Structures are given as C-alpha cells and as structure tokens.
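Structure first, then comments.
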Amino acid sequence: MSEERQPERQAARAALIQARENPRWPINNMNRNKKETEKLLTLLDPHQQVQEVADFIQRVRKAPASVDSRQLHYMRKRYLDGVALRDMDDMDALYGRILSDPDAQVYRQAGRRYQVRSPREGWIAVYDPDGTRISLYHDLDDDFGDALWTLSDLIR
C-alpha cells in the first residue's frame, strides 16, 4: 500500500473498530421530509396491531425531530421489507457479522461514509467516519467501483 493511503487506512480502521465495539446510531430529524415521514407511517399503519409498531408510530408523531435511527431501520427492515428479525438485537447482530466478515470489502461512499459489503451475509453495512452506524441493506450487486480494502487487510 502506498504511503499516501496509510492515513486513510488508519482512519477507516479506527472508524470500523468504533462501529464494531461501540455501536451507536444517530437520531433522525423526520421533520426534514414530512411527505416521506407520512408515507412511512402510512406503510406501517397496517402493522399497528403489533405493540412495538404502534408505539413507534406514536413516538414519531409526538417527536419527529428525535427519532432513533436504530429503531427506524429495524421497523423498515422487519415490517416493510419482511426481513426475519425478531428484535433490534437481531439487527445489531447482523450488523456485527457484516463488520466481522474477513472477506468483506470496504468502499468509500461519496468520499465520506464507508460501505462494507459482506459476501458471507449478502448485506451491506454503512458507517460514518466517526464510527456511527448509518444503514444496513441487502447487497444488490451495485457497482461501487474498486474496493479500498478487505476487512482482513484493514484489521490485522
């Protein structure tokens, strides 16, 4: 690896360790796009008989400026995408497995966020340079260009 890539590698490694060992999710301000928020709540509405969904909808309506991103992703994955998650801990475990797959490839999204593509899990995890967990989605084989590193190269 060239010397000029070394600081970038060290920064990616530090952020990865932070995302793995101290899992944090941001708070979303859902006031920023009220149409999308209403669309989400409408899509979740048929699941309101489930208490956790009803509670989530109520919290979003009451305080849309401070929505827990972890819970938001969980609701979308479980109830809208049909991913077999029993609870948010299952989602966290999947995220952890992605960030621990030695064959996973690391990319840089738009020059800022890191994307980790796990061939073993078939999922992609996105994390910020400060180690905050951002997103989790199925790997649809999108072309991200050349990988910067594999996790086994990044963490030795």
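Residues that are within 15 Å of residue 37 (Cα to Cα) and among the hydrophobic types (A, V, I, L, M, F, W, C) within segment 58-85 comprise 60, 63, 65, 67, 72, 75, 80, listed in sequence order. Taken over segment 1-21, the criterion of being polar (S, T, N, Q), loosely packed, with under 15 Cβ neighbours inside 10 Å and either touching an Asp or Glu at 6+ places or on another chain (Cβ under 8 Å) or at pLDDT below 90 (or both) is satisfied by 2, 6. Hey, could you check segment 110-122 for residues that are in contact with a strand residue (DSSP E or B) (Cβ under 6 Å, 6 or more places away or on another chain) and surrounded by 18 or more Cβ atoms within 10 Å (Cβ to Cβ) and say which is nearest to residue 18 (Cα to Cα)? Restricting to residues being in contact with a strand residue (DSSP E or B) (Cβ under 6 Å, 6 or more places away or on another chain) and surrounded by 18 or more Cβ atoms within 10 Å (Cβ to Cβ), the top hit is 114. Of all residues in segment 86-103 being crowded, with 18+ Cβ neighbours inside 10 Å and assigned to a loop (DSSP other than H, G, I, E, B), which is farthest from the chain's Cα centre (by Cα)? Among residues in segment 86-103 that are crowded, with 18+ Cβ neighbours inside 10 Å and assigned to a loop (DSSP other than H, G, I, E, B), the one farthest from the chain's Cα centre (by Cα) is 101. Residues in segment 69-79 that are under 25 Å from residue 143 (Cα atoms) and either open to solvent by 30 Å² or more (accessible area, probe 1.4 Å) or touching a Phe, Trp or Tyr at 6+ places or on another chain (Cβ under 6 Å) (or both): 76 alone. Among the residues of segment 123-140, those that are among the hydrophobic types (A, V, I, L, M, F, W, C) and either crowded, with 22+ Cβ neighbours inside 10 Å or part of a strand (DSSP E or B) (or both) comprise 123, 124, 125, 126, 134, 136. Here 54, 110 are screened, and the one residue that is modelled with pLDDT of 95 or more and small (Gly, Ala, Ser) is 54. A count restricted to segment 1-54 and to residues that are assigned to a loop (DSSP other than H, G, I, E, B), farther than 20 Å from residue 89 by Cα and touching a strand residue (DSSP E or B) at 6+ places or on another chain (Cβ under 7 Å) stands at 1.
The values are calculated or read from the model by the stated rules, or taken from the named source; none is laboratory data. Every value quoted in this text rests on a predicted model; they were computed, and no experiment measured them. When we count neighbours, we look across all protein chains shown, and the Cβ atoms used for this are built from the backbone with ideal geometry, even at glycine. Just so you know, the surface numbers come from the protein's heavy atoms only, side chains and all, with ligands and any DNA or RNA stripped out. Shrake-Rupley method; radii C 1.70, N 1.55, O 1.52, S 1.80 Å.
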